[in-house]
Ligand SMILES: Cc1cc2nc3c(=O)[nH]c(=O)nc-3n(C[C@H](O)[C@H](O)[C@H](O)COP(=O)(O)OP(=O)(O)OC[C@H]3O[C@@H](n4cnc5c(N)ncnc54)[C@H](O)[C@@H]3O)c2cc1C
């Protein structure tokens, strides 16, 4: 198969946008097409459970660039028209969109992001069972929260991960009654330390959310046209007028499957964001990449993080441009739950010592996590300066003496040393 020289980037989210931007920044002049399924230009998805849901930001505030910006940079932007069929050989290939548009390419990047996991219980398809991934979901959820606030009704959030808890905090701030149902024995258990899970359990309960740990939703109970409640594994029914399902997300791999690429919890890529065919590039949430963390455990990682999407896109663009550079960024992540801002740098895994800096009771503190005496991650609640210091330190391969780290009167940046 051969095609006129053109680069196709499928998925107009953060990773897709940053890939085309980085290609132009690298001086790449090839024809560039960015195709998105959603009808809006790339936008800041994390705001959907934060400022946009709260009503303090509008679409124009969260869209990264208006459409003319793309034309100015000679980027063809196709919106609201997903690629449904794709084929390629080493030299190039052809993608067909839902509307029948045919896009030929010589270089291909997949930036297809994540899809929310579904709740497989009876009643999960009722109309007021909601989830949150795209702008249209956030609009539906915001309208539902307004209704619940007006009717003094309850929202059940199924899943105590970041998105569920961010929405729970926003709903409480709007005066909605909230119950969070979490199947495991702690909140945010997949990604944060047990100490931080405990802190957030207390913080959400103090703000009036009911949090049920070790509880599984087994049925959504209908009531007339709507919802009456959520039945739990122990037979109890929590009354609710709406449900948010926030039970995690998986990589979107449909197109990668059509191309016969290796998939292992995400599209398998090497440190240059190259997929198993050696020519397709995959970037952002949809990928499974070698752990880039210099002090990390071996194995592969799938990261759902806006910062990762941006950093990984620069790696992908370099590979497409023929100047590959290995991805080495230290992951970092943030979450706003009400007025509490959490910033995490590094990855919490195989930790053998944790130092608490500051008093969690004040809702401003830092947890520094160590493996074999070396700093590998930090969780900062309302301690931005600590986050900045640790992130910079980890980026440069530095550490902090754990015995000195607890003294909050000494700025962490002064304690950074080579290992
Ligand atoms: C509600 C919410 C809150 C979040 N909060 C945070 C946060 O606080 N901090 C943080 O770091 N991260 C957060 N995240 C995660 C972050 O948004 C993602 O990690 C990041 O957006 C990943 O970027 P991406 O481009 O890889 O994927 P996405 O942003 O998911 O973009 C992929 C795009 O590809 C499109 N697409 C898929 N298949 C096709 C196709 N076949 N054809 C055309 N288009 C296609 C999708 O519709 C989507 O628009 C949040 C996510 C959500 C949903």
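The values are calculated or read from the model by the stated rules, or taken from the named source; none is laboratory data. Predicted model only: the values in this text are computed from it and were never measured. Note: ideal-geometry Cβ built from the backbone for every residue, glycine included; neighbour counts use all protein chains shown.
Criterion first (surrounded by fewer than 24 Cβ atoms within 10 Å (Cβ to Cβ) and outside any loop (DSSP other than H, G, I, E, B)) does residue 186 satisfy it? It would help to see each step written out before you state the result.
Values: surrounded by fewer than 24 Cβ atoms within 10 Å (Cβ to Cβ): yes; outside any loop (DSSP other than H, G, I, E, B): no.
Here the answer is no, as residue 186 does not meet what is asked.
Quick check, is residue 315 more than 22 Å from the chain's Cα centre (by Cα) and outside any strand (DSSP E or B)?
Numbers: more than 22 Å from the chain's Cα centre (by Cα): no; outside any strand (DSSP E or B): yes.
So residue 315 fails the test.
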Can you give me the number of residues within segment 3-39 that are more than 14 Å from residue 286 (Cβ to Cβ), in contact with a strand residue (DSSP E or B) (Cβ under 6 Å, 6 or more places away or on another chain) and part of a helix (DSSP H, G or I)?
1
Of the residues that sit in segment 240-255 and are near the ligand (Cβ under 10 Å from one of its atoms) and in contact with a strand residue (DSSP E or B) (Cβ under 8 Å, 6 or more places away or on another chain), which one is farthest from residue 131 (Cα to Cα)?
255
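Touching a residue at least 12 places away in the same chain (Cβ under 8 Å) and more than 13 Å from the ligand (Cβ to nearest atom): does that describe residue 339? Before you say what the answer is, go through the steps one by one.
Working: touching a residue at least 12 places away in the same chain (Cβ under 8 Å): no; more than 13 Å from the ligand (Cβ to nearest atom): yes.
Spelling it out, it is not the case that residue 339 is touching a residue at least 12 places away in the same chain (Cβ under 8 Å) and more than 13 Å from the ligand (Cβ to nearest atom).
Restricting to segment 132-173, count the residues that are more than 22 Å from the chain's Cα centre (by Cα) and assigned to a helix (DSSP H, G or I). So that I can check it myself, show each step before the final result.
From segment 132-173, those more than 22 Å from the chain's Cα centre (by Cα) are 143-155, 172-173; that's our starting set.
Right, trim to assigned to a helix (DSSP H, G or I) and you get 143-150, 172-173.
Selection size over segment 132-173: 10.
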Name the residue that is surrounded by the fewest Cβ atoms within 10 Å (Cβ to Cβ), counting only residues in segment 82-107 that are in a strand (DSSP E or B) and within 12 Å of the ligand (Cβ to nearest atom).
85
Spot the failing condition for residue 75; the list is (1) within 13 Å of the ligand (Cβ to nearest atom); (2) touching a helix residue (DSSP H, G or I) at 6+ places or on another chain (Cβ under 7 Å), and only one is missed.
(1)
Anything in segment 273-304 that is surrounded by fewer than 16 Cβ atoms within 10 Å (Cβ to Cβ) and at pLDDT 90 or above? List them, or say none.
277, 278
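For segment 113-129, which residues satisfy the criterion of being more than 18 Å from the chain's Cα centre (by Cα) and in contact (Cβ under 8 Å) with a residue 60 or more places away in the chain? Give the derivation first.
Step one: of segment 113-129, the residues more than 18 Å from the chain's Cα centre (by Cα) are 119-129.
Of everything in segment 113-129, those that are more than 18 Å from the chain's Cα centre (by Cα) and in contact (Cβ under 8 Å) with a residue 60 or more places away in the chain turn out to be 119, 121, 122, 123, 124, 126, 127, 128, 129.
Take residue 194 and tell me if it is outside the structural domain of residue 377 (by TED's automatic domain parsing), under 22 Å from the mean Cα position of the chain (by Cα), more than 13 Å from the ligand (Cβ to nearest atom) and surrounded by fewer than 19 Cβ atoms within 10 Å (Cβ to Cβ).
Working: outside the structural domain of residue 377 (by TED's automatic domain parsing): yes; under 22 Å from the mean Cα position of the chain (by Cα): yes; more than 13 Å from the ligand (Cβ to nearest atom): yes; surrounded by fewer than 19 Cβ atoms within 10 Å (Cβ to Cβ): yes.
Yes: the conditions hold for residue 194.
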Take residue 265 and decide whether it is closer than 18 Å to residue 15 by Cβ, touching a strand residue (DSSP E or B) at 6+ places or on another chain (Cβ under 9 Å) and surrounded by fewer than 23 Cβ atoms within 10 Å (Cβ to Cβ).
yes
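Determine, yes or no, whether residue 53 is touching a helix residue (DSSP H, G or I) at 6+ places or on another chain (Cβ under 6 Å) and in a helix (DSSP H, G or I).
For residue 53, the condition - touching a helix residue (DSSP H, G or I) at 6+ places or on another chain (Cβ under 6 Å) and in a helix (DSSP H, G or I) - is met.
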Can we say residue 150 is modelled with pLDDT of 95 or more and either crowded, with 22+ Cβ neighbours inside 10 Å or more than 16 Å from the ligand (Cβ to nearest atom) (or both)?
yes
Run residue 120 past the list (1) within 13 Å of the ligand (Cβ to nearest atom); (2) part of a loop (DSSP other than H, G, I, E, B); (3) not assigned by TED's automatic domain parsing to the domain that holds residue 59 and report the number of the one that doesn't hold.
(1)
From the list 27, 13, exactly one residue is within 11 Å of the ligand (Cβ to nearest atom) and either closer than 22 Å to residue 306 by Cβ or out of contact with any helix residue (DSSP H, G or I) (no Cβ under 7 Å at 6 or more places or on another chain) (or both). Which is it?
13
Going through segment 153-190 in order, the residues found to be within 15 Å of the ligand (Cβ to nearest atom) and at positive phi are 159, 188
Where in segment 324-393 are there strands (runs of 3 or more DSSP E), lying fully within it, with 1 or more residues that are modelled with pLDDT under 95 and over 22 Å from residue 411 (Cβ atoms)?
332-337, 364-371
